[in-house]
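Novice: I have a structure I would like to understand better, so I am pasting it below and will then ask my questions one at a time.
The numbers here are math on the coordinates, done by the rules we state, and not lab data. From a predicted model like this one, the values you see are computed outputs, not experimental measurements. Note that we place each Cβ from the backbone using ideal geometry, even for glycine, and neighbour counts take in every protein chain shown.
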Amino acid sequence: MTHQAILRSFIIPVLDYSPHSPYNINTLLDDLEEIPGEVICIFNSFEMFGKLHSHPRIDKYCFNNLNAGVSRSWNIGINLAEGRCVFVLNADVHISPTAVEQLESYLFRLDKAVLAGPQGAIIDYQKLCDARYFEKGNFNEPVQVHAVSGFLFAIHLERYLKHRLMFDVQFSPCFYEEWDMGLQVMHTGLACYAVPINDFEHHWGASHDEDLSVNYFGKNIARKEIMQNNRENFVSKWNNVIFREKQVKPESLKIQRFENFLEKVKGETYPEQISSIHSATTEKMLDIFLNKYSLPENSKVLDVGCGQGVALELFKSKGLSSVGITLNNGDFAICKRGGYEVYEMDQSFLEFDNESFDFIWCRHCLEHSIFPYFTLAELFRVLKRKSYLYIEVPSPDTISNHQNNKNHYSVLGKSMWVNLIERSGFNILDVMNIPIQLKDGTDIYWSFIQQKP
């Protein structure tokens, strides 16, 4: 391989044959046969060095006769790398050319990106835990994160070297090295991103088992002990930056209060049990809509507040491609088991591109929004032009007293709904009263059909 041909580098620390995973260094090297770029292996055992150092796909290697840990292995590989883009991979990753190309593309087009990977976290530094973790299947747009997961990520080598970044070896053999790098990156004014790459596989296996031990520089150390020591190292290193309240900007405190409130709201969700009344009403109103308004062939439908999949199943039966969102993890799990495409997502913070959907179904969900005007603006954003939005909400002050429900925050009057919908930019095509016969009397739902101009 000539110097001019090195467009990317792949760094792979190798300790063993990944006994807890269906993939290992051999399968990864097979994957890389189809992907241009230099391969750099950091061997951390005699066994793996002896078996693989002459492998034809390996262009460079370094041999450590003892396990030197993650940070040192990554640093060695980066120092050997000549590619403009440097990929760091666990030996048990299975990856496709498409995933490599997409990850590389994101890295070079995202603002100030220096690290990008398919999984990453927003971190609560006060509690020393992930506040939100982005992983394959639960997000659809690049997200700036505090830390990128270390099993697979890409480095913008020019920016990385220019700002003198380096993985801190005090966090060897493992744990907290990604968090530490994330803070280094933030303090240089650069950024880390989690990006929606799906064409790869990785199994955590036993890597999260704290009772296992790691052989590090010839000594067996319990993973639990390593984590505790590195946690203390992390706090000691970054205490003056992230743990003193006087150094936290007022804007950050406002954002934190808002995020805490959103978590409180999420905690008030409950599983949406399937009921005969709601199932029958859903089927009836969907038929009314489809008989009056036509959807284009191969329409993509968004079910906002999909519950346990009643409408998703109806869309499927009618040949429509549908995506569901819910905030309740119980409903999310049931829908995933049912084979539906569903995401755990707030209706007010949709992680979809502009104009992604041909039809939005929002039945008995908008009343759960703490700011429905903002939510309507999000629905407007992700809906294609000339496409339809169906909204159904309960009327206030009926026999059911919907305004008293624990997580009903916006049980508004009909004229207020009309006003908000029109302010959001929609043209209202139809407004209907839906009487619901209950044991103790009649309840009323309102439905609104609107079109984006």
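Novice: Evaluate the charge dipole of the chain about its Cα centre and quote only its size in Debye, nearest 20, assuming +1 on the Cβ of each Lys and Arg and -1 on the Cβ of each Asp and Glu. Intermediate results must be reported in sequence, preceding the final value.
Specialist: Numbers: 43 positive and 56 negative charges, 211 e Å.
Dipole of the chain, to the nearest 20 debye: 1020 debye.
Novice: May I pose another question? Principal axis lengths of the stretch 276-451 from Cα atoms, whole Å, largest first?
Specialist: In descending order, the Cα extents are 41, 36, 31 Å.
Novice: Note down, for the stretch 260-329, the three equivalent ellipsoid semi-axes (square root of 5 times each alpha carbon gyration tensor eigenvalue), biggest first, whole angstrom. Don't jump to the answer; show the numbers that get you there.
Specialist: Working: eigenvalues 137, 44, 19 Å².
Output for the stretch 260-329: semi-axes of 26, 15, 10 Å.
Novice: Relative contact order (percent) for the stretch 41-80, with alpha-carbon contacts under 8 angstrom and 6 or more residues of separation? Mind showing how you got there, number by number?
Specialist: Working: 34 pairs, mean separation 20.7, N = 40.
This gives 52 percent for the stretch 41-80.
Novice: Using a simple spin-label model with points 7 Å from Cα along the Cα→Cβ vector, what separation in nm is obtained for N138 and T442?
Specialist: Placing both labels 7 Å beyond Cα along the Cβ direction yields 4.5 nm.
Novice: In addition: Largest first and in whole Å, what are the equivalent-ellipsoid semi-axes of the stretch 69-179 based on the Cα gyration tensor, each being the root of 5 times an eigenvalue? Please list the in-between numbers first.
Specialist: On the way: eigenvalues 78, 73, 40 Å².
Calculated on Cα positions only, the semi-axes equal 20, 19, 14 Å.
Novice: Would you mind checking the tilt of helix 372-382 against the longest principal axis of the Cα atoms of the chain, expressed as 0 to 90 degrees and rounded to 10?
Specialist: 70
Novice: If you average 1/r over every pair of different alpha-carbon atoms in the chain and take one over that average, what Kirkwood value in Å do you get? Present the calculation step by step, with values, prior to reporting the outcome.
Specialist: Details: mean 1/r = 0.0402 Å⁻¹.
Result for the chain, one decimal place: 24.9 Å.
Novice: Take every Cα-Cα pair in the stretch 3-222 and report what % of them are more than 21 Å apart. Walk me through the numbers on the way to the answer.
Specialist: Numbers: 12572 of 24090 pairs.
Percent of Cα pairs beyond 21 Å in the stretch 3-222: 52.
Novice: Oh, and also: Name the shape class, rounded, prolate or oblate, that the alpha-carbon gyration tensor gives for the stretch 1-80, where a ≥ b ≥ c are the square roots of its eigenvalues, rounded holds for a/c under 1.5, and otherwise prolate holds if a/b is larger than b/c and oblate otherwise. Let's see the in-between values first.
Specialist: Working: a/c = 1.78, a/b = 1.27, b/c = 1.40.
Since a/c reaches 1.5 but b/c is at least a/b, the shape of the stretch 1-80 is classed as oblate.
Novice: Taking amide H positions as placed 1.01 Å from N in the peptide plane, with prolines and chain starts having none, which residues 5 or more places from R363, or on another chain, fall under 5 Å of its amide H?
Specialist: Close amide H contacts, sequence-distant or interchain: V304, E392.
Novice: Treating the beta-carbon of each Lys and Arg as +1 and of each Asp and Glu as -1, no other charges, what is the dipole magnitude of the stretch 276-451 about its Cα centre, to the nearest 20 debye? Could the numbers behind the result be given before it?
Specialist: Details: 16 positive and 21 negative charges, 42 e Å.
Result for the stretch 276-451 is approximately 200 debye, rounded to the nearest 20.
Novice: Please list, ordered by chain and number, the residues whose modelled amide H lies under 5 Å from the amide H of I436; skip anything fewer than 5 residues away on the same chain.
Specialist: Correct list: D443, I444, Y445.
Novice: Let me ask something else about it. Cross-link list K60/K224; K60/K127; K60/K219: which exceed 30 angstrom alpha carbon to alpha carbon? Please report the intermediate quantities before stating the final value.
Specialist: Values: K60/K224 34 Å; K60/K127 41 Å; K60/K219 28 Å.
From K60/K224; K60/K127; K60/K219, over 30 Å: K60/K224; K60/K127.
Novice: I'd like to compare 434-441, 55-62: which one has the highest average count of other Cβ atoms within 10 Å, and what's the full order after that? Present the calculation step by step, with values, prior to reporting the outcome.
Specialist: Values: 434-441: 10.4, 55-62: 16.1.
With the highest mean Cβ count within 10 Å placed first, the list reads 55-62, 434-441.
Novice: Something else: If you average the sequence gap of Cα pairs under 8 Å that are 6 or more apart and divide by the length of the stretch 3-222, what percent do you get for the contact order?
Specialist: Numbers: 451 pairs, mean separation 53.0, N = 220.
This gives 24 percent for the stretch 3-222.
Novice: Using 0.36 nm per residue of separation minus the Cα-Cα distance, give me the extension gain between E158 and I428 in nm, one decimal.
Specialist: Computed gain between E158 and I428 is 91.9 nm.
Novice: Now for a different question. Rounded to whole Hz and in sequence order, give me ³J(HN,Hα) for the stretch 264-274 from the Karplus expression 6.51 cos²θ - 1.76 cosθ + 1.60, θ = phi - 60°, writing x for Gly and Pro.
Specialist: Karplus-based 3J(HN,Hα) across the stretch 264-274 equals 4, 4, 4, x, 8, 6, 9, x, 8, 4, 5 Hz.
Novice: Once phi is turned into ³J(HN,Hα) by the Karplus curve 6.51 cos²θ - 1.76 cosθ + 1.60 with θ = phi - 60°, what whole-Hz value does each residue of the stretch 38-43 show in order, with x for glycine and proline?
Specialist: Listing the rounded values in order: 7, 10, 10, 9, 10, 7 Hz.
Novice: Run through every distinct alpha carbon pair of the stretch 124-183 and return the Kirkwood hydrodynamic radius in angstroms, one decimal place. List each step's numbers first, then the result.
Specialist: Numbers: mean 1/r = 0.0751 Å⁻¹.
Over the stretch 124-183, the inverse of the mean reciprocal pair distance is 13.3 Å.
Novice: Whole-Hz ³J(HN,Hα) for each residue in the stretch 311-328, computed from phi via Karplus 6.51 cos²θ - 1.76 cosθ + 1.60 with θ = phi - 60°, x for glycine and proline: what do you get?
Specialist: 5, 4, 5, 5, 4, 4, 5, 9, x, 9, 7, 10, 10, x, 10, 8, 9, 8
Novice: Roughly how many Å is it from the Cα centre of the stretch 274-306 to that of the stretch 43-91, as a whole number?
Specialist: 54
Novice: Here is a further query. Name the residues whose placed amide hydrogens come within less than 5 Å of the amide hydrogen of S322, ignoring near sequence neighbours (fewer than 5 apart) on the same chain.
Specialist: Sorted by chain and number, the residues that satisfy this are V301.
Novice: When the helices in the chain are scored as -39500 (n - 2.57) per DSSP H run of 4 or longer and the sum is shared across all residues, what 222 nm value do you end up with, to the nearest 500 deg cm²/dmol?
Specialist: It comes out at -10000 deg cm²/dmol, rounded to the nearest 500.
Novice: Can you give me the relative contact order of the chain as a percent, contacts being Cα pairs under 8 Å and 6 or more apart?
Specialist: Values: 852 pairs, mean separation 46.2, N = 453.
About 10 percent, as a whole number.
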